[in-house]
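The values are calculated or read from the model by the stated rules, or taken from the named source; none is laboratory data. Computed from a predicted structure; not experimentally measured. Reconstructed Cβ throughout: ideal geometry from the backbone, glycine too, with neighbour counts over all protein chains shown. Note: areas computed on protein heavy atoms with side chains; ligands, DNA, RNA excluded. Shrake-Rupley method; radii C 1.70, N 1.55, O 1.52, S 1.80 Å.
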Amino acid sequence: MSTHDVLYVITGPTASGKTSKAVALAKAIDAEIISADSRQIYRGMDLGTGKDLADYDGVPYHLIDICDAGYKYNLYEYLRDYREAYADIRSRGKNVILCGGTGLYVESVLKGIELPQVPQNPELRERLKDKTLDELTAILSQMKTLHNSTDVDNCKRAIRAIEIQTYYQQNPHLEVATKPHPIDNALVIGVDIDVENRRRRITERLQARIDQGMIDEVKRLIDSGISPDDLIYYGLEYKFVTQHVIGETSREEMFRLLEIAIHQFAKRQMTWFRGMERRGFHIEWLPWNMSDAQFVQEVLKLSESMQK
């Protein structure tokens, strides 16, 4: 196995500094980066999703800015687009780095899952439209084990998740098609940051993004014709900033609630990664404050030992 046969995965919680580490590694091994971030795919949603595109410093990236804001991108589409980007990069003889903190995307790639496209079910949506989030969560929990809390983050997401599970139940032959075929050439690196520093960096980054114009970004999105409900659907920054923009909360309350929500989100991310380890995925955890050069050196050592 050569370095070109290895899929390098850089993951970890928000504010751990994954992107800069992935960029340093990409420069060292002639790689391109595929994003594993479920919100950075949307155009115009820049500050709220923390794209920091300047950090890529010329390294080619994929699956960022590929959809208009307001669109409801899903896991099926992500896996399809990931496979296309991977094949494109490899066809040019480059290494591939998957970088991001959306655990569902990372784990689904590592499992080698292929999903069928699930059509909308208008009748089902009509029946579910007046149910509360708790009622929808109860329905979904009877259909599957709820590993992914984002499925029940709001009513729209929960209804879509029920729609997907209903489709699978109505088409049992799809179970064979969606059976995981785990890939065996992945080196998964987790960027490990302690809770105290993670919390500090989240708060500092949130303040910086507000200072840079995150509220104005949300106003521009609404002015462009995207409904507040569609922005709230994306959660976190877009949920709380939109609620402030439409007058539901003060600026101070927005900051306080959003800060709490991001801390909770980072905690859920770590819960997901620990769950991945229990489900058989080995993650090599490296310190967040390791220098980029040290990080690259350590990853290359791990890659070499993996190939022996």
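Would you pick out the residues in region 277-308 that are open to solvent by 50 Å² or more (accessible area, probe 1.4 Å) and within 23 Å of the chain's Cα centre (by Cα)?
Glu277, Arg278, Arg279, Gly280, His282, Glu284, Trp285, Pro287, Asn289, Asp292
Find all pairs meeting these conditions: Cβ atoms under 6 angstrom apart; at least six residues apart or on different chains; first residue within region 48-64 and within 19 Å of Arg205 (Cβ to Cβ); second residue in a loop (DSSP other than H, G, I, E, B).
Final answer for the pair search is Thr49/Arg39; Thr49/Gln40; Lys51/Gln40; Ile64/Gln40.
Take the conditions in a loop (DSSP other than H, G, I, E, B), of a type in the set (Val, Ile, Thr) and either under 30 Å from Gly225 (Cα atoms) or open to solvent by 10 Å² or more (accessible area, probe 1.4 Å) (or both) and apply them to Ile64. Does it pass?
Here the answer is yes, as Ile64 does meet what is asked.
Run down Gln165, Gln120, Gln170 and say which single residue is surrounded by 16 or more Cβ atoms within 10 Å (Cβ to Cβ) and modelled with pLDDT under 95.
The unique qualifying residue is Gln165.
Among (1) out of contact with any His (no Cβ under 7 Å at 6 or more places or on another chain); (2) open to solvent by less than 30 Å² (accessible area, probe 1.4 Å), where does Arg201 come up short?
So Arg201 meets the others, but not (2).
Table: residues versus (1) open to solvent by 50 Å² or more (accessible area, probe 1.4 Å); (2) under 26 Å from Glu304 (Cβ atoms); (3) outside any loop (DSSP other than H, G, I, E, B).
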{"site": "Ala28", "(1), (2), (3)": "yes, yes, yes"}
{"site": "Ile33", "(1), (2), (3)": "no, yes, yes"}
{"site": "Gly48", "(1), (2), (3)": "no, no, no"}
{"site": "Ala54", "(1), (2), (3)": "yes, no, yes"}
{"site": "Val59", "(1), (2), (3)": "no, yes, no"}
{"site": "Tyr73", "(1), (2), (3)": "no, no, no"}
{"site": "Leu79", "(1), (2), (3)": "no, no, yes"}
{"site": "Glu84", "(1), (2), (3)": "yes, no, yes"}
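As an exercise: evaluate Leu98 against (1) part of a helix (DSSP H, G or I); (2) hydrophobic (A, V, I, L, M, F, W, C); (3) in contact (Cβ under 8 Å) with a residue 24 or more places away in the chain; (4) over 25 Å from Ile162 (Cβ atoms) and give the number of the one condition it does not meet.
All conditions are met except number (1).
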